[in-house]
Every structure is written in structure tokens, then in C-alpha cells.
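S.K.: Questions regarding the structure given below will be posed in turn.
The values are calculated or read from the model by the stated rules, or taken from the named source; none is laboratory data. Just so you know, these numbers come straight off a predicted model, no measurement behind them. All Cβ positions, glycine included, derive from the backbone under ideal geometry; neighbour counts span all protein chains shown. Note: accessible area is taken over every heavy atom of the protein model, side chains too, but ligands, DNA and RNA are not part of it. Shrake-Rupley method; radii C 1.70, N 1.55, O 1.52, S 1.80 Å.
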Protein chains: 2
Amino acid sequence: MDIAALKAKNPDHWMKATAIRALALDAVKGANSGHTGMPIGMADVATVLFEKHLKFDAKNPTWPDRDRFILSAGHGSMLIYSLLYLCGDQQVTLDQIKNFRQMGSLTAGHPENFLLDAVETTTGPLGQGIANSVGFAIAEEILRAQYGKKLVDHHTYVIAGDGCLMEGVSQEAIGIAGRHNLGKLIVFWDNNNITIDGTVELSDKTNQVQRFKASGWHVQEIDGHDPEAIDAAIIAAKKSKKPSMIACKTHIALGHAAQDTSKGHGALTDADQAKAAKEIWGWTGGEYEVPADIKSQWEAIGARGVSEREAWEARFAEASTQKQAKFNRALAGDAPKKLSATIKALKKQVSEDQPKVATRKSSEMALQAINAVMPETVGGSADLTGSNNTKTDDLGMFETNNRSGRYIYWGIREHGMASAMNGIALHGGLRPYGGTFMAFTDYARPAMRLAALMKIPTVFVMTHDSIGVGEDGPTHQPVEHCAISRSTPNTYVFRPADTVETAEAWEIAATSKTTPSVMSLTRQNLPTVRTEHKLKNLTEQGAYVLAEATGKRQAILIATGSEVSVAMDAREKLEAEGIGTRVVSMPCMELFAQQDESYRRKVLPAGPVRVGIEAGVRHGWDRWLLGERGRENKAAFVGMDSFGSSAPAGELFEKFGITADNVVANVKAML
Amino acid sequence: MDIAALKAKNPDHWMKATAIRALALDAVKGANSGHTGMPIGMADVATVLFEKHLKFDAKNPTWPDRDRFILSAGHGSMLIYSLLYLCGDQQVTLDQIKNFRQMGSLTAGHPENFLLDAVETTTGPLGQGIANSVGFAIAEEILRAQYGKKLVDHHTYVIAGDGCLMEGVSQEAIGIAGRHNLGKLIVFWDNNNITIDGTVELSDKTNQVQRFKASGWHVQEIDGHDPEAIDAAIIAAKKSKKPSMIACKTHIALGHAAQDTSKGHGALTDADQAKAAKEIWGWTGGEYEVPADIKSQWEAIGARGVSEREAWEARFAEASTQKQAKFNRALAGDAPKKLSATIKALKKQVSEDQPKVATRKSSEMALQAINAVMPETVGGSADLTGSNNTKTDDLGMFETNNRSGRYIYWGIREHGMASAMNGIALHGGLRPYGGTFMAFTDYARPAMRLAALMKIPTVFVMTHDSIGVGEDGPTHQPVEHCAISRSTPNTYVFRPADTVETAEAWEIAATSKTTPSVMSLTRQNLPTVRTEHKLKNLTEQGAYVLAEATGKRQAILIATGSEVSVAMDAREKLEAEGIGTRVVSMPCMELFAQQDESYRRKVLPAGPVRVGIEAGVRHGWDRWLLGERGRENKAAFVGMDSFGSSAPAGELFEKFGITADNVVANVKAML
């Protein structure tokens, strides 16, 4: 690469881009860890994007109609931190750059949305950013349809690396974006031909241009170090009605001794090599030093969006009070006032009607009520709409010619769906939920973890939640999936017992601001156990006494979901034998764990024998069975300790012993 | 579709294919559940494949050099069951067809490798079959290089649907197969344009032909109901040196009222419609009845491979005794006799040397020893070779021109790697292991579950197993991933404390026949805690007393992996204060759970306070902390209850309180 020629051709551009390079080099060297080469390689693309196209205001990074910038190749975090510092972001000070990757700093190893306002999404697990971006672009389309182009009209820009494109989730994302003609999504592929193990050829020879074209994308190939080519490509991409991929041929660690090598991917910490690179770049600033003229040029870039923001604010001020209120409410993630009454009305109705339905159907009933009063919900399913019961009457199908449609047919893409839903949630203004079979939690898992880490309220509607699936057999029968989600921090796992609990769970999920929810729902019909209407949302406490013991309390049965009615049946049998038995319904262990100890002990007092009942593994149950402090009581668990089997559901519950009789036997064995 | 014309043109073929159709229709109707349309749609392709190409012997379905047939679209299980019954498979009797999806039958809802010898792999979770098949094809290449074309020379055939191709893992599989020119892999795409939610257009407009070509595949497009076209395409595919995709335009539920509709995907149970379809097909057999002439034609097909098998057996008999023994041992999955001594020698050496290394390095030391004596191991990494320490000196790189290479650069494809590894294990003759960061368990998870369900000994080498990752931050720091794998049935999760335990864990993993292993390994260095050499593999018991209390035993510290040395430090401090403290190292909870209760109670006697120490969530620990039967002892846990953070590792252990001092404080608070 002839760096002298690059410098000579566009000296101003070169120095601005090199400010990024120098900061990345210094910060990684300072931290003695990180990834130097990517920010250096993509500095030119980022500079042109920020200087000429990206609609943003560095001092107001959360302005609603900003363009979204997503660094899918999150290991190159110094690219975004450099850009933010240079542009005058208030959080990313020079001190933050100097404390890159250190305890308590905002400049974490990978960009974290919960640390920096200007970071749209947490990236690092490869492929997630590009899949999130599909959700961002969908959100923009829906919100534009809802609020008009005057209030919503922005682009989503993504920088993705070879790693992002090799991850399978990228194919799902590409497919969704292509199908839906997300024309305002523009992806820069950092085509540097380097992975950690060596050159890309070591593991891949895919023609990415052909691949994107095959899914209906607009594709361009450019020299990623040529600012004019970059500018022209962005202009063309913005004009395209298809999503755009710009393949940017770049040199990782350009100008450094590690240029074009896999060593360049990681931390370049050698002082002499750093010095040599800076000389080659023509960089005269000291460590962490950006010459004042270059810094002021960058600050002007950072302020470029001020007028656009102000114009937007003026347009917003002109909107009707009602529209403003609706927009502000949706952006804030506040539930509409009507929601609570709507849920209460549904609960009252079903406590009276006592329907015997599957909780997936209960979920549909709740959604029918919620979607009618919350225009911010966006539903969907990974090709199981009729099974997940996720589509309600008033959603409409999201389509190229119907952007106000709020239901998305995601296709057989659980991972892509989950990750795009995260993007919708992160964008703001909308609340995504999407369905698949609970066993396919496995496919969506990387995005489900990130929802929890990013503190966003994505709702995962997981139906067919046990051996109750029946004949489809063990591949389709979750046994460990409640345990998996429960072991993930900041995740609500709701396993409601009937329509009342399902409505309560949905109320919590639909009003949550920082915690994702997993709805574990049955395929099979269940009786209504909450037959007495209560205004209070009992599920909010995580667990509660559903039926009290008559006389001396000798046993406590703790159950969730479809097994609550098994517990109720067992209680009846035990009580008939004079064994006082309490039934505790525990629709959400996480919320129960958050209650005061006094409430927890009131629900689960020491002494009586306990039996936990859940058609899943015991993993995670012992805390509630053995007593939180130990030494409390005898306990047993009725559930699964193996994978399931293919047979009619009723026979499977017998086979695996998840029956009232077995619960009774377990209780009696301990008395 | 002009069915009359199809019948007229190839009447013999038509009736054979329609035998499959009729059985599928009857069996699904009989079970009142299942998937009718796919077997009907793909009956022609399957018939031509079995009649003219597939090298198999229905009475000897596990003959080593058979072609492999993989039904990636596993919901169409009646296709494979019909084929097996028709061909004279000994397991799939007519009774089994009649008991499709019923309790205890071998004809489960989805094909299960552990129920039927002729089912190469469990399918159902979409995309897995095609990704497994890449492993099958790799295995064939490696074994052919090891044993010669006379003993190993077969194809891998796959039937995949739209669902398989929409799943992201298929892209990873396609990329791997294209990169490695797996010319003996032939995939039929059941291009019926139907998914559960409707037509494919609802969610996808990807040009699959272009997409496969972009990754270097040989692609043909044919009418999937034209036997001559099918035959010609298979002939051309076999000639190609690239992997082949044959796009078969088919009609789901051909001839049935539900033809070409999403209803046709599921269970077609209407009796009148079934009758009408059979009439259209010209099928005269009664329910579950195959006219004798058609059955005998199929049985001839089932016996077509007898001569090929016999010829192979003759060639095998001519091979040297040594080669035969090696081949038989590898196929049986037996470890070589030398292995045990090799591991013991390593243990002795490291107990003496007491190296302070990361367990990922310990794993490399174990692999260095194992790979030298086990030519059946196949290693690899998802682009983290240097970090996962998975490559040893004598493996060689698997390449188009070096098929004896035993190390695979999988690229940034954790899921594809895991699923292909399962395929390698299922093929037989080889033992796969592959590495990634433990946090990316999430990506590989669907395949890790299937390894457990399928009872195969795939080894997942998961390094960087805690906040010990340091600066890369919470996306890269697993906290819940041991819990996730531990909650999965039939999975060994090894979290070894030092090189000795790592060697022991590897010995178990490398000799396991029916259980996959997860190796949870550190990035950071750890001291050797097993300083006294023992011939016995202590890790086999799952947990054991590493250090006994001096005097009265007041506390038991239970720890795994990197926290065992924390426990040892805490013990020293406690003992110094006169508090007798036992340290239990628990490298594998699952193996400990399998021990006799007497052993478990010997290691963890009731009474002393217990502290569990692991840099992960408490989920799953309570069984060991609170006492298996409850009422045993006070307990505490020192670990993580949130995601991690980005900072140097040492500081993170302090921040999250995973320190000897905190353990000491916890013990003292309970005494």
C-alpha cells in the first residue's frame, strides 16, 4: 500500500483518519490489550461516513432521529471510542481513552450500550451487530409509518468484519433485510482478508458479493482507503431501495509492521513499531495527543448534526400534542395508562370463564388485549405463527408496501429473529416480541444473553415448553431450557399456570424497561387455577400461595406452569388423607428471589416437606426445595432427569412420573 | 402438476415412489400427528437415489463403507421409515410403521440415531443435518487418506428443506464444505416453496442457487419429480470435485388436496382426502399395504448393496492384520492401550514439575500426548487456534491436497464447527474435538445439546472460562455457561483445576463412547494443586478430597477449576486460625452425581459449613451446598450473580469477591 500517495492525494482526510489510527494504537498499547488493526484499517471509511453522511450530534447522542451507527466488529472498539472522543462526545473524554479497558471506565473492551449513550448496541459476539441492525432498520420503517417522515427518517450504518459474515446469524440477517427491502440499511464490510488464525482463505472462499446479491442486496466494491470512492459508494447506497453492502478492500493495521497479517488483528504493543507506524502515517502528535487543528476539524464534524437536530426539534414542536405525547411515551418505553385496566379486565373475565386452554393460547389472549392498546408492540414468529399464537387481529403484516404492519414473518431464523428483535428494542419507540418452540431457545441463545446483558426488554415467546409437546419427541421437548434462561443474569423466566398468570406475566414483560422476558408456554390445554379474581398482579411477587393447607401444614408443593394443576390434584389427594398441603405457584423464580426474605419465608416456611414439580430438570430448584439457608426441610423433586421421548403427551407425563400420584408418593415417603 | 403424465412416463418408478407416499400418508393419519407432505414431495428423489445410487445394504445398515443418507429435514421422518421398511430393514417392520410416533416405538416423531441403526443422525432441529453432513464428508476424506480407497470410499447424501437453508448454521456448513472441496457431499434441496407460515416468499427471497455457487458449490436445478433428471443430476454431482447441491423443484403433498400449501407441511389426516389422493396416485393398496410386486422390487433395491458390501469385506480381509485391528478399534471407538500409560506419564511429570500454566495450556499438553497415540482424533478451532491451544505438532492441516491432515480451521463458525464435529463422531472411526471461547457455548449450543441427545462423545474445548478473561469484558466472560451445560442431560462438564486434572479429564473425554464433554478451561495461569502423583484418575469420581482438615473439620470448601487454588489459599488462612478445613475439588459434577451415595457422603459429610467457590453463577450448586437431602448444613457460595466487566482479570476477581479472604469471611460468618 502506497501510504505516501494516500497522504498526498487527500491530506486533510488523511490526517483526520490518522487521528483515529493514532488513538487506537496508543490506547491499545496503554491497555496492553485490545485490537489495534481494525480501527486503523477502517479509519478512512469511518472518517468519510462521519464527516459527510452520518446524521448525528456528538453532544446529543440520543437524539431520536439520528442515524444509527453500529460497530458489528465490536473488537475494534477503539474505532468508535476514537470517533466519539474526536467529535466531542461528553462521555468519552481523553481520560476515558487513556483508561481503555480498565476497571470502571466507560471504554470497555467491547462497546457496551449500557456504558455509553452513543453506543447503540453491545457488540463483540460476532454477527450480532449486523443482525441487530436489521432490527434497527425495521424499527425505523415502522416508526416512519407511524409518525411520518418529518419525525422519523434516518439510516442505519454498520461496520462488519469477516467474522460477522462467517457467523451463520449474518445469513439470517441478510435474508431478512433482503426480503424486506430495508433500503436504509447500509453495511460496510471491512474486507481485510484477515482472521485470527490467518488469512480468510484458511477457512473460507465465499464470494461475499455474490452471496449478498443472492439475497437481494445492492452491492458495491471499493477501495476502503479511498475517501472519494467511499463517499460515492455511500451516496449510491443511500439512493438504493435495497439494503446495501459496500465491500471495502482494506489493509488491517495499515502502515504498521503487522499490516495485512493476523498479528495485526490483536494488540500491537511494541513501542518501536508504534513509533515507526506513526512516522509512516506522518503523525506528529505525542501519545494520546491530537494536534489542535485536527481536533477542531473533528469537533466541527461532531457538531455537523446540530442544525439537523434543531430542525427536527422544530418539526417535533409543530406536531400535535397527542402525537408528541405518544412519541415521547413510546421512546421512554412507558406503558400506556390503559394497559393496567386492560389486563385486569382480562383477568377478571378468565377467572369467571375459567377456560381450559394452552398457555400459548392464553398468551394470544393477552396479546390481543395488549396489542390493541400498545401501538409500540411488534410481533412475529420464526415460521411458527399458528403454533406460537403470536399474531393478533390488529397487527397487520410488515411489508415493503405496508410499513405500518406490526407483524413480522421472520422465517426459520430463530437467531436472526432474536437478534433483530434486540435491534428493534435498542432503537427505541417499539417493543418487540417473537415466538419459536422453547427447545429452540438454543438457536436464539446468543441474542437472548445479549438482551439480558444490554438491559433491554425483548420478549421471547417460547411455546411447546415440555414433554407436553408429545409426538415430536426429544429434539422438540425442552427439558433444560428453563434452567438455561434462569441461570442467565437479568432475565425473567415466566412459566405461567393458566390464563390469569399469563396475563400477569405479559403485563410485567410489556412494562419492563431493563429486563428481557422468556415466556415458557404450553402446547397442551390447562385448567384455570386462578379462579378467584384478584386485582393485584400476583406474578409480580414471583411465587405465592395458591392453595393453603387445611389444618396442620405438613407439605408444600411448589410448581410452575403446567405442573401447577398437577400440584393442585396432588393436594386434593393428600388433603383427603389428612395431610395438610399448601400449593405454591411459582411463575417467576427471579421475581421471587427479589422479594424480601420475610415474604419468601412466609411463602416457603421451614418445616413442612417440600416437593418441587416442573416438567424440566431440577437444576436451579434446590434453592427453593432445600431451604435457602439449608437445614430447613426434607425435599424431593418431580420432573425430568433425562431427555424426553416421542409419544402422545399424556403418556409421557405418566412415563416420566410427572403425575399427582407420584407427587403424593413423594410427600408420603418423606413424612 | 400432471400426475397422469408422471405415472404414464415412468410407471414402475411411479409405483415405487408412491409406496413411500402411501405409507407416509397412512402412518401420519394413524398417528394423528406428523408431517405428510414432505415424504410425498421427495419420494421421487429418494426412490432414484436408493434405486440407482445409494450404496447400502438394508440388512446391514451399519456396514462401514456404506454411503451415508441424512434426512436434514427430519420432520419428514416417514420418508426414511418408509424407505427402510420397503427395503427390508430389520428394525423398521410394518408394526413399527403402524406405531409411528407411539410410546416405545423405534419410529419416533423425528429420526433418532439411537433408536434405529440406519438413521445416521438425529434430525429435527433444522439445519443440523446439513451441518452434520459436512462432518460426515470430512470424516470420509480423512479415513480414506488413513486407510486407502479400498476400505473407505463413499458418498454423503442429504435431503434438506427450505427450513434447513434458512437456518444460519447452513451458511456455516456451506462455507466449510465449499472451502474444503468436499466433492463427495451431495445435497438435495427440497425446493417446494412452502414453510409452515405460508410460501417461502413470505420470509425469504434468497436465490439459493447463487448462494451455494458463491461458496464454491456445484449446483444443478431439476424437476424433482422427473426420475431421469434426478438420476442424471446425481451422476453429474458424483463427478464433481466440489460439493454438490441439486435444487429439486417439488410439490409438497403432491396429488393431495393440500398440495403446494402450508397445510401440506403438517399432518394430513382427513380420510376422504387420503382416499382421493391415493386414487389420483393410482394406488390400490389398502391401509399400510404395499402390493407384493412393489414390495419385492423395493427389497431388491434394499439388497442391491450386498455384493458391494461383500466385495468390501473381501478387500478388508486382505488388509494387514495391523490395519484391520486399527480400523476395527477406531470404528468401535476404543481407546488404544497406550493411552492410559501416556496419561499417567504426563500426570507424573506435571506433579513433579508443578507448572503454573493456564488449563488451556494444560489441555494442549494433554492433547500433545493423546494425539500422538490416537490417530483417530481430529482437532480444530473456530478461528481461535492460538487461544484455544487446540493444535498439536503432529496433526497436520486438513486440506484439499492433504486429506490426512487432522486439524481443521473451522473459521468463525462455532455452530457449524460443533455440528460438523457431531457428524465426524457419528460417522465413526474418528474422535473430534474443537475449540472456541466458553462464552460462545451460546453459538454452538444447538449442536452441543444434540451431541448429548445422540449419545456421541464430541469434545467441546471451551477456553477463557470466566471473568479471568479480563479486559474483553462481559460479552466474552462466561458466567452461566457451566450451568447451561450442567443442566443438559448426558453431558460431562469438566472444569479442571490444574494440569493433572486436565489430563484426567481428557482421558475420560477421549475414551467416552456415549457422552459428550465440555472442557471449561482458563485463560489465566493456575498453580499445580495435584502435587502428589496418583496413578488413579481422581477426576473419574467427579469430586474428591484434595486437602483434609487438620483437627476438627469445621468447614468444607468445594471448588472447581481456577477457584480450587482460591480454596486452598482460604484453607491455609482458616487452618492458621484453627478452623479445620477440608478442600474438595469437584472437576465434574455429573460424575460425582453418578457415584454411590456412600462415596458422596464421604466427600461431603453432613455437619461442617460449606462454601462453594466457582467464578460462575450458583445455579446448580445448591445440591452440593445445602446437602442432597436437605437439613444437613449451613452453606454459602462465592461466585458470580451478575455479568462480568471489562478490566484486568486480577482486579475483577477482587471486585466480584472471588478471593480467599472472602471465602474465609463466609466460613467465619457461619460458624
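S.K.: Given the conditions (1) touching a residue at least 60 places away in the same chain (Cβ under 8 Å); (2) not in a loop (DSSP other than H, G, I, E, B), report the number of the one that B:G285 does not fulfil.
M.R.: (2)
S.K.: Turning to a different aspect of this structure: Right, A:I230: more than 13 Å from chain B (Cβ to nearest Cβ) and in a helix (DSSP H, G or I) or not?
M.R.: Yes: the conditions hold for A:I230.
S.K.: From the list A:A253, A:A233, exactly one residue is under 18 Å from A:T47 (Cβ atoms) and touching a strand residue (DSSP E or B) at 6+ places or on another chain (Cβ under 7 Å). Which is it?
M.R.: Unique residue meeting the criteria: A:A233.
S.K.: Check segment A:330-341 and report whether any residue there is outside any loop (DSSP other than H, G, I, E, B), surrounded by 15 or more Cβ atoms within 10 Å (Cβ to Cβ) and among the basic types (K, R).
M.R.: Checked segment A:330-341: no residue is outside any loop (DSSP other than H, G, I, E, B), surrounded by 15 or more Cβ atoms within 10 Å (Cβ to Cβ) and among the basic types (K, R).
S.K.: Is one or more of the residues making up segment A:225-241 open to solvent by 30 Å² or more (accessible area, probe 1.4 Å), assigned by TED's automatic domain parsing to the domain that holds A:A173 and within 29 Å of the chain's Cα centre (by Cα)?
M.R.: Within segment A:225-241, one or more residues are open to solvent by 30 Å² or more (accessible area, probe 1.4 Å), assigned by TED's automatic domain parsing to the domain that holds A:A173 and within 29 Å of the chain's Cα centre (by Cα).
S.K.: Continuing with this model, one more query. Is there a residue being surrounded by fewer than 20 Cβ atoms within 10 Å (Cβ to Cβ), at pLDDT 95 or above, in contact with a Gly (Cβ under 8 Å, 6 or more places away or on another chain) and among the charged types (D, E, K, R) anywhere in segment A:374-393?
M.R.: No - not one qualifying residue is present in segment A:374-393.
S.K.: Same structure, new question: When you scan segment B:80-101, do you find a residue that is among the hydrophobic types (A, V, I, L, M, F, W, C), part of a loop (DSSP other than H, G, I, E, B) and surrounded by fewer than 24 Cβ atoms within 10 Å (Cβ to Cβ), even just one?
M.R.: no
S.K.: Okay, next question. Step by step: first the residues of segment A:493-524, then only those that are of a type in the set (S, T, Y) and more than 22 Å from B:V617 (Cβ to Cβ), then the one that is most open to solvent (accessible area, probe 1.4 Å). Which residue is that?
M.R.: A:T511
S.K.: From B:A46, B:A73, B:A24, B:A58, which residue is within 30 Å of B:Q324 (Cβ to Cβ) and in the same structural domain as B:P291 (by TED's automatic domain parsing)?
M.R.: None of the other options fit; the residue is B:A58.
S.K.: Can you find even one residue in segment B:479-492 that is open to solvent by 10 Å² or more (accessible area, probe 1.4 Å) and among the aromatic types (F, W, Y)?
M.R.: For segment B:479-492, residues open to solvent by 10 Å² or more (accessible area, probe 1.4 Å) and among the aromatic types (F, W, Y): present.
S.K.: State whether one or more residues within segment A:430-443 are at pLDDT 95 or above, out of contact with any helix residue (DSSP H, G or I) (no Cβ under 7 Å at 6 or more places or on another chain) and open to solvent by 10 Å² or more (accessible area, probe 1.4 Å).
M.R.: Scanning segment A:430-443, I find no residue that is at pLDDT 95 or above, out of contact with any helix residue (DSSP H, G or I) (no Cβ under 7 Å at 6 or more places or on another chain) and open to solvent by 10 Å² or more (accessible area, probe 1.4 Å), so the answer is no.
S.K.: Can you name the residue in segment B:630-656 that is within 24 Å of A:H619 (Cα to Cα) and more than 34 Å from the chain's Cα centre (by Cα) and is also farthest from the other protein chains (Cβ to nearest Cβ) among such residues?
M.R.: Ranking the candidates gives B:F656 first.
S.K.: If you check A:S82 against the conditions, is it within 14 Å of chain B (Cβ to nearest Cβ) and under 27 Å from A:M166 (Cβ atoms)?
M.R.: Criteria not met by A:S82.
S.K.: Report yes if some residue within segment B:50-67 is charged (D, E, K, R) and buried (at least 24 other Cβ atoms within 10 Å of the Cβ); otherwise report no.
M.R.: Within segment B:50-67 (the criterion being charged (D, E, K, R) and buried (at least 24 other Cβ atoms within 10 Å of the Cβ)), the answer is no, since none of the residues qualifies.
S.K.: Out of the residues in segment B:645-670 that are under 21 Å from B:I558 (Cα atoms) and not in a helix (DSSP H, G or I), state the one that is most open to solvent (accessible area, probe 1.4 Å).
M.R.: Among those that are under 21 Å from B:I558 (Cα atoms) and not in a helix (DSSP H, G or I), it is B:F656.
S.K.: Answer with yes or no whether A:S642 is surrounded by fewer than 21 Cβ atoms within 10 Å (Cβ to Cβ) and more than 26 Å from B:S33 (Cβ to Cβ).
M.R.: No: the conditions fail for A:S642.
S.K.: Has segment A:303-317 got at least one residue that is closer than 29 Å to A:I230 by Cβ, part of a helix (DSSP H, G or I), in contact with a helix residue (DSSP H, G or I) (Cβ under 9 Å, 6 or more places away or on another chain) and not acidic (D, E)?
M.R.: Yes, because at least one residue in segment A:303-317 is closer than 29 Å to A:I230 by Cβ, part of a helix (DSSP H, G or I), in contact with a helix residue (DSSP H, G or I) (Cβ under 9 Å, 6 or more places away or on another chain) and not acidic (D, E).
S.K.: So which residues in segment B:70-79 are in a helix (DSSP H, G or I), out of contact with any Gly (no Cβ under 6 Å at 6 or more places or on another chain) and open to solvent by less than 10 Å² (accessible area, probe 1.4 Å), if there are any at all?
M.R.: B:G76, B:S77, B:M78, B:L79 - these are the residues of segment B:70-79 that are in a helix (DSSP H, G or I), out of contact with any Gly (no Cβ under 6 Å at 6 or more places or on another chain) and open to solvent by less than 10 Å² (accessible area, probe 1.4 Å).
S.K.: Does B:R530 fit the bill of being within 30 Å of B:V609 (Cβ to Cβ) and open to solvent by less than 20 Å² (accessible area, probe 1.4 Å)? Walk me through it before giving the result.
M.R.: Details: within 30 Å of B:V609 (Cβ to Cβ): yes; open to solvent by less than 20 Å² (accessible area, probe 1.4 Å): yes.
In short, yes.
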